[in-house]
1. Being modelled with pLDDT of 90 or more, among the basic types (Lys, Arg), under 20 Å from residue 244 (Cβ atoms) and out of contact with any Asp or Glu (no Cβ under 7 Å at 6 or more places or on another chain) narrows it down to one of 298, 290, so name that one.
2. For segment 309-327, enumerate the residues that are in contact (Cβ under 8 Å) with a residue 24 or more places away in the chain and more than 19 Å from the chain's Cα centre (by Cα).
3. Taking segment 225-235 only, how many residues are in contact (Cβ under 8 Å) with a residue 40 or more places away in the chain and either assigned to a strand (DSSP E or B) or in the same structural domain as residue 163 (by TED's automatic domain parsing) (or both)?
4. Among the residues of segment 236-258, write down those that are part of a helix (DSSP H, G or I) and either of a type in the set (Ser, Thr, Tyr) or outside the structural domain of residue 303 (by TED's automatic domain parsing) (or both).
5. Output yes when any residue across segment 123-132 is over 30 Å from residue 241 (Cα atoms) and either within 34 Å of the chain's Cα centre (by Cα) or modelled with pLDDT under 85 (or both), and no when none is.
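The values are calculated or read from the model by the stated rules, or taken from the named source; none is laboratory data. Model, not experiment: these values are computed from the prediction. Every residue, glycine as well, gets a Cβ built from its backbone with ideal geometry; the counts of neighbours run over all protein chains shown.
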Amino acid sequence: MVVDDTLKPIDINQLVDKVSEAIKIWEKGVDKEKNGSMTDAIRYYRQALKIDSNVERNYREKLHEEFEEHKRLNELKNLKLNDTNDKENIETNDNHEDTKELELPCWILDMLPDYLLSHIVKQVVLLSGQSWLNLSLSCKKFNELCFHDTLPYKTFANLIYPKQNYSFGSVDKDYAEEFNRKEVWTEEPIQMLKDRPYIKFNGLYISTVNYLRHGANPEGSSSLLNPIMMITYYRYFRFYPDGLCLRLLTTDEPKTVVKNFELGNAHPKCEVCDWSFSLGDKKGILTVMREGGRYQFREYFTIRNHGKKRFHKFKWIESLVLDGEHDPVNCDISKEKPFFFSRVKSYEKYTF
């Protein structure tokens, strides 16, 4: 009987080591990409792919497993905390009087009437949302006036919503005025700020797109692996209350774009566009419009929350090209990523 030497058993340990090594190298690439070193990141990605072609999928599975494990640990931690709450409460009650003596009251605020402090809160809210938050963290009294009274919310709503650029389309002027009267001067500003989207003017909306593209080997090459290129580009939007916005697609990183990204002094490839919110059935849909020759370009987005940050993210709906003669053409947005808002201190003069 002849034994075929080519049929060797698979070494499981060797296979596991190979997968683990590829993931570690891929993680180095991720760290380099986060730090902006794209050349080093691509080098690590290529090295990992040579070891294991499925390394990206394995890396994502590892992240998911770590997330689930962290979630389970938090649940166990909460159970332990609940078991020890009674003991801690006894100790806390014993030391409560001592803690009270350490909390010195703010004598100046106690001397001022609430209506005067509320006026201070209102003026701070008019500066910016960040100032409002910072004031609430200064002391217990201001925290109560900032977040347990409707006045700051109403002030903030009256500050931001009149600056939004609404597109009423075929809706008549009387309806538009009625909309503003009911929506802007509502008696429930807290709920409106939760439900009604708005554009922020004191910063940029940035989308970062990364994807791998496979190339071709040079003629005559004996390599079995095709070269891989990491493609990275950025999209920027900056909005103005008058209905204009700046749009830029570039490979330049934010640190080189932000300082000069304004009307009259923008990037050479920057485009000036119009923006608006649609009402009716499409209320809350952001439309960005621009023209180029005989073509019109329209991009549509929904505005979403990002964690606890209100209306901090744009998500693509579609991108259309129109020429006035044929049906609109849909552009491919499969590789596009959402936009996230980034506050810029030098833009604070526009508030919201």
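1. Working: 290 fails: out of contact with any Asp or Glu (no Cβ under 7 Å at 6 or more places or on another chain).
Only one candidate passes the filter, namely 298.
2. 321, 322, 323, 324
3. So the answer is 5.
4. Looking only at segment 236-258, we keep the residues that are part of a helix (DSSP H, G or I), and these are 254-258.
If the condition is that a residue be part of a helix (DSSP H, G or I) and either of a type in the set (Ser, Thr, Tyr) or outside the structural domain of residue 303 (by TED's automatic domain parsing) (or both), then 256 is the only one that fits.
5. Of the residues in segment 123-132, the ones over 30 Å from residue 241 (Cα atoms) are none.
Checking segment 123-132: not a single residue is over 30 Å from residue 241 (Cα atoms) and either within 34 Å of the chain's Cα centre (by Cα) or modelled with pLDDT under 85 (or both).
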